[in-house]
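Novice: One structure coming up, written as structure tokens, with questions to follow.
Please treat every number below as a calculation from the coordinates, not as lab data. These figures come from a predicted structure and were not determined experimentally. Glycine gets a Cβ as well: all are built from the backbone with ideal geometry, and neighbour counts include every protein chain shown.
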Amino acid sequence: MIATRAYWILPNRGQKDDILASDGKTTLPLRRILDPKLRPEGFSHGVPAELLEKCGPKDAGEILFAQKFPDWDGGKQLFSVSTTAGLDASGRVVHLGLLFLLEPNERPRFELPYAGLSEEDRSFASALIRRMASPGPGDSWVQSVRDLVELPPSRGPATNVELRRSTVPFYSLYALGPAGLVSKASSRSKSRVSALILLLFVASLSVWAFMRACERPSRPAVQTGVVICHLN
């Protein structure tokens with residue numbers, strides 16, 4: 001098997017034109033790793049603003065945004081995971097990502113070294129690696145990334161969480177709502193169960209109404225007589 005090519009996409013703390021990447025030792029422009037001409041449509045090297053707005057500042061650090069492009073550059077696949085990495089000097093959110101350039105049947109391995117990164121970036125890189133390797137109980141963000149890894153290539157370009165404002169159609173596994181990140185499959189199942197319960201309730205109510213109607217005493221029939229007069 002060909003070794004996985006994996007790179008850190010570094011936070012743009014200086015808001016420079018060039019996004020930088022690193023293999024954990026050497027730093028170079030991202031465009032030298034991922035040619036802009038080959039960059040798939042809809043690829044994001046950070047957490048989309050839509051997710052940041054939904055989570056708010058308090059929970060922004062929990063976000064993991066992952067993308068999978070299974071048929072990229074001659075059958076290879078591209079996989080990425082991004083998270084927030086604090087703020088720059090102007091107060092803007094910056095992002096740290098992992099970019100994997102994979103063979104068709106490869107899976108990403110979250111073992112990339114980070115000793116060559118800056119001290120500030122190392123802390124976020126270390127936290128991301130630990131989180132992916134040993135997630136805390138109930139970490140739905142990590143689970144969503146793992147589920148995306150296992151997603152069949154036939155689904156096409158996909159994300160771990162739904163983007164409603166994306167101009168590019170992606171298959172998505174989870175949705176972010178007021179209660180947090182929820183599996184869309186689970187939500188659909190709950191909706192079907194709720195619909196079935198409602199249907200059974202309506203049917204039971206109809207049967208009850210019918211039985212009540214049958215129990216009521218019948219109204220006496222009104223008989224009318226016709227008087228026929230015979231004239232002699």
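Novice: Evaluate the Debye formula for region 5-187 with equal point scatterers sitting on the alpha carbons, no solvent, and hand back log10 of I(q)/I(0) at q = 0.11 Å⁻¹, in q order, two decimals.
Specialist: Calculated log10 I(q)/I(0) at the listed q: -0.44.
Novice: Right, another one. Using the Karplus curve 6.51 cos²θ - 1.76 cosθ + 1.60 with θ = phi - 60°, what ³J(HN,Hα) values do you get for each residue of region 180-185, in whole Hz, with x for Gly and Pro?
Specialist: Running phi through 6.51 cos²θ - 1.76 cosθ + 1.60 with θ = phi - 60° gives x, 7, 10, 5, 5, 5 Hz.
Novice: Can you work out ³J(HN,Hα) from phi for every residue in region 131-136, in order, using Karplus 6.51 cos²θ - 1.76 cosθ + 1.60 and θ = phi - 60°, giving whole Hz and x for Gly and Pro?
Specialist: 5, 5, 7, 9, x, x
Novice: I've got another one for you. Summing Lys, Arg as +1 and Asp, Glu as -1, what charge do residues with Cβ under 13 Å from the Cβ of R32 carry, R32 excluded?
Specialist: So the environment of R32 carries a net charge of +1.
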